[in-house]
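The values are calculated or read from the model by the stated rules, or taken from the named source; none is laboratory data. From a predicted model like this one, the values you see are computed outputs, not experimental measurements. Counting neighbours? That spans all protein chains shown, and the Cβs are built from the backbone with ideal geometry, glycine included.
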C-alpha cells in the first residue's frame, strides 16, 4: 500500500476501476472471488479514495456518533467518512440499532461512509434482509412500546464473498470441492431483492505471480481520489437544487432529468433490457451508474461506452 492506504501492487485493475466508480457516485458494490485474491485488502483501502465530506455531512455524522457516545473529546467534528466493518456474527440489533433506549446500529454509524460486510453469505439471512429498506430509503426506524425513533442510514454498501463454501468455484488453479447443490444453496443465502440493490458486481480472480512481481509504478490513491472528487463535485453542482448529494441517491425523476443518453447508448440500453430482462429498478441503476462513469470522463451526455461499462457491472448469471 502507499501512504494513503491504497493498493500499490499491479493487478486487479478492473476491480480498482469498479471501486473508483463506486466511490465517485456512492454506489453499492459486491466483490466475489477466491480466498487471498485481495477483496478485503481492496475494500479496506477504499477510504483513501473517498471524496471529502461536506460540512453538512460532517455535522450529520457527528450527531450520530454523539448520540452513540462514540464522539471523541479531542475531535468535536467528524471530518473523515466512517468505515464500519462488523463481523458476520453481528445481531439484528447490532446492525440496525436497538436497546431499551434505541441507539444507532452499524448501518447508521456508517452514514455518509462505508459499511463493509466481509464474507457476506455468512451473515444471518434475517440480518441481511433488514438492510433492504435502509438501502432504498436511506433511513432506519426503530420501534419500541414507548414510541419509535428514526436514524439516518445513507451508507455505501461494500460487500465481499467467496463464490462457494470452499471458495474455489471457477478458479483456474485449485479445483472446487463443493457439489452443485452446495454452491447453489450458498449463493442463494443472498436474496434476489438484496442483490438487485447492489449496483456493481465484480469478480476478483487470483493475482498471477507476474503481476505481483511487476515493478512498474501503479496509480496512487492521491491521483484516483482527485478524479473521484472532481466527479462528485460535478454531481453536487448538477443536484444543487435538490436535497441529493450524489448519483446513487437519484430517484426516477432525477434519472429522467439528468441521465441524458445519446443515440448509441439508447440502442445499447434497449438491447440490454431485452436480453438481460432488467427490472425497472435495475434499469434505473444502470442509468445512474452510467451517469457516474460519464462524470468521471467529464462528459455531459451519457455515451454508448459509458452504458456498456455500466451493463458490464450487472451480476453474471451462473449455470
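The set of residues in the range 238-263 that are over 23 Å from residue 305 (Cβ atoms) and in a helix (DSSP H, G or I) comprises 249, 252, 253. Among all residues of the range 207-217, there is none that is within 28 Å of residue 114 (Cα to Cα), more than 23 Å from the chain's Cα centre (by Cα) and at pLDDT 90 or above.
Got a sec? Which of 149, 190, 101, 142 is touching a strand residue (DSSP E or B) at 6+ places or on another chain (Cβ under 9 Å) and under 23 Å from residue 41 (Cα atoms)?
Values: 149 fails: under 23 Å from residue 41 (Cα atoms); 101 fails: under 23 Å from residue 41 (Cα atoms); 142 fails: under 23 Å from residue 41 (Cα atoms).
Selected residue: 190, the only one of 149, 190, 101, 142 that is touching a strand residue (DSSP E or B) at 6+ places or on another chain (Cβ under 9 Å) and under 23 Å from residue 41 (Cα atoms).
Just checking, does the range 158-168 include any residue being farther than 13 Å from residue 34 by Cα, in the same structural domain as residue 119 (by TED's automatic domain parsing) and part of a strand (DSSP E or B)? First the steps, then the outcome.
Applying the first criterion (farther than 13 Å from residue 34 by Cα) to the range 158-168 yields 158-159.
Pick out the ones that are also in the same structural domain as residue 119 (by TED's automatic domain parsing) and you get 158-159.
Keeping just the survivors that are part of a strand (DSSP E or B) gives 158-159.
For the range 158-168, residues farther than 13 Å from residue 34 by Cα, in the same structural domain as residue 119 (by TED's automatic domain parsing) and part of a strand (DSSP E or B): present.
Yes or no, residue by residue, for (1) surrounded by fewer than 17 Cβ atoms within 10 Å (Cβ to Cβ); (2) in a loop (DSSP other than H, G, I, E, B):
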position: 21; (1), (2): no, no
position: 34; (1), (2): no, yes
position: 37; (1), (2): no, yes
position: 45; (1), (2): no, no
position: 51; (1), (2): no, yes
position: 63; (1), (2): yes, no
position: 69; (1), (2): yes, yes
position: 73; (1), (2): yes, yes
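Just one residue in the set 114, 127, 173 is at pLDDT below 95 and under 24 Å from residue 44 (Cβ atoms); that residue is 127.
Yes or no: the range 266-275 includes at least one residue that is under 22 Å from the mean Cα position of the chain (by Cα), surrounded by fewer than 18 Cβ atoms within 10 Å (Cβ to Cβ) and without any contact (Cβ under 8 Å) to a residue 12 or more places away in the chain.
no
Residues in the range 95-111 that are under 15 Å from residue 140 (Cβ atoms) and surrounded by fewer than 16 Cβ atoms within 10 Å (Cβ to Cβ): 99 alone.
Results for (1) farther than 14 Å from residue 247 by Cβ; (2) at pLDDT below 95; (3) in the same structural domain as residue 187 (by TED's automatic domain parsing), shown as yes or no for each residue.
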| site | (1), (2), (3) |
| --- | --- |
| 266 | yes, no, no |
| 280 | yes, yes, no |
| 283 | yes, yes, no |
| 297 | no, no, no |
| 303 | yes, no, no |
| 306 | no, no, no |
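Taking residue 150 as the residue in question, decide whether it is part of a strand (DSSP E or B), in the same structural domain as residue 202 (by TED's automatic domain parsing), more than 18 Å from residue 38 (Cα to Cα) and out of contact with any helix residue (DSSP H, G or I) (no Cβ under 6 Å at 6 or more places or on another chain). Answer is yes for this residue.
Out of 123, 116, one residue alone is under 23 Å from residue 60 (Cα atoms), buried (at least 18 other Cβ atoms within 10 Å of the Cβ) and touching a residue at least 24 places away in the same chain (Cβ under 8 Å). It is 116. Considered as a group, the residues in the range 190-202 that are assigned to a loop (DSSP other than H, G, I, E, B) and surrounded by 15 or more Cβ atoms within 10 Å (Cβ to Cβ) include one that is modelled with the lowest pLDDT, and that residue is 196.
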